[in-house]
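All remarks here apply to the structure that follows.
The values are calculated or read from the model by the stated rules, or taken from the named source; none is laboratory data. What you are looking at is a predicted structure, and each value in this text was computed from that prediction instead of being measured. Cβ placement follows ideal geometry from the backbone for every residue including glycine, while neighbour counts extend to all protein chains displayed.
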Amino acid sequence: MSKESLRKELLSNLSSLSDDEIISLSFSLTQQLAGFLQYFPELQSQIGAGFLPLRNEIAPLYQELLRKVPLSLSYPVLSEGEMVFGMPAGLPKGTPWLLPPYKVVEANWFLVPGVGFSLKGQRLGRGKGFYDRFLETHRGIKIGLAWSGQMKEDIPVESHDCHMDFVITEKFCWDVKQQKNL
């Protein structure tokens with residue numbers, strides 16, 4: 001299946017979810033993510049990169065996450081046509097780009113949205129390449145976040161597509177390198 005047809009199928013599945021289903025899935029994803037971050041406490045002392053969800057996107061409930069795990073989270077900022085990350089002054093505002101005021105920072109690890117993922121760490125984005133271009137030149141742990149309904153056995157990838165180190169859904173935390181559930 002081509003990237004475009006798979007993207008269309010997965011986006012259609014996401015758009016069929018009700019607001020209540022998205023909130024419930026996001027809450028369960030947040031619980032899994034909190035457990036993951038407690039499993040890797042060294043990440044708590046580093047700057048992480050979150051994302052500001054688009055409509056019908058499963059994403060962490062950041063206030064709930066921060067209640068469970070102390071974190072410094074930055075968010076995507078569009079700067080001269082490219083993505084960087086900014087630390088907000090207060091609660092993050094904006095979608096998908098963080099609105100000012102913020103301070104541009106270098107994140108050490110990244111929560112990465114996607115339309116689809118595989119257990120091999122393959123990711124299908126929305127097709128604009130912001131994350132692929134950014135992650136190509138920035139080191140750090142890449143953690144794909146999704147609903148289990150976005151998981152596929154195989155995702156078509158090209159040489160420029162970045163792979164995830166971990167994939168977390170509302171049901172599991174998957175270590176791509178070790179090919180096991182945490």
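Annotation note: Cβ proximity below 7 Å between a residue of region 2-23 that is closer than 17 Å to Arg126 by Cβ and a residue that is assigned to a helix (DSSP H, G or I) (sequence gap 6+ or interchain) occurs for Leu10/Gln150; Asn13/Gly149.
Being buried (at least 17 other Cβ atoms within 10 Å of the Cβ), of a type in the set (D, E, K, R), under 23 Å from Ser74 (Cα atoms) and out of contact with any Leu (no Cβ under 9 Å at 6 or more places or on another chain), is that true of even one residue in region 103-125? The answer is yes; a qualifying residue exists.
Could you tell me which residue of region 118-139 is farthest from Val176 (Cα to Cα), considering only residues that are part of a loop (DSSP other than H, G, I, E, B) and modelled with pLDDT under 95? Spell out the reasoning first.
Within region 118-139, the first condition is being part of a loop (DSSP other than H, G, I, E, B), and the residues that meet it are 118-122, 125-129, 137-139.
Checking the rest, the ones that are also modelled with pLDDT under 95 come to 125-129, 137-139.
Numbers: Gly125: 18, Arg126: 22, Gly127: 23, Lys128: 24, Gly129: 22, Thr137: 20, His138: 19, Arg139: 17 Å.
Within region 118-139, the match that is farthest from Val176 (Cα to Cα) is Lys128.
Tell me, yes or no, whether region 67-84 has at least one residue that is in contact with a Ser or Thr (Cβ under 7 Å, 6 or more places away or on another chain) and either without any contact (Cβ under 8 Å) to a residue 12 or more places away in the chain or closer than 19 Å to Pro96 by Cα (or both). No, region 67-84 contains no residue that is in contact with a Ser or Thr (Cβ under 7 Å, 6 or more places away or on another chain) and either without any contact (Cβ under 8 Å) to a residue 12 or more places away in the chain or closer than 19 Å to Pro96 by Cα (or both).
Does Gly90 meet the test of being part of a loop (DSSP other than H, G, I, E, B), free of Cβ contacts under 8 Å to residues at least 12 places away in the same chain and not charged (D, E, K, R)?
Details: part of a loop (DSSP other than H, G, I, E, B): yes; free of Cβ contacts under 8 Å to residues at least 12 places away in the same chain: yes; not charged (D, E, K, R): yes.
Spelling it out, Gly90 is indeed part of a loop (DSSP other than H, G, I, E, B), free of Cβ contacts under 8 Å to residues at least 12 places away in the same chain and not charged (D, E, K, R).
Scanning region 78-99 for residues that are loosely packed, with under 12 Cβ neighbours inside 10 Å and either within 19 Å of Gln63 (Cα to Cα) or aliphatic (A, V, I, L, M) (or both) yields Ala89, Gly90, Leu91.
Scanning region 140-177 for residues that are modelled with pLDDT under 95, acidic (Asp, Glu) and surrounded by 14 or more Cβ atoms within 10 Å (Cβ to Cβ) turns up just one, Asp161.
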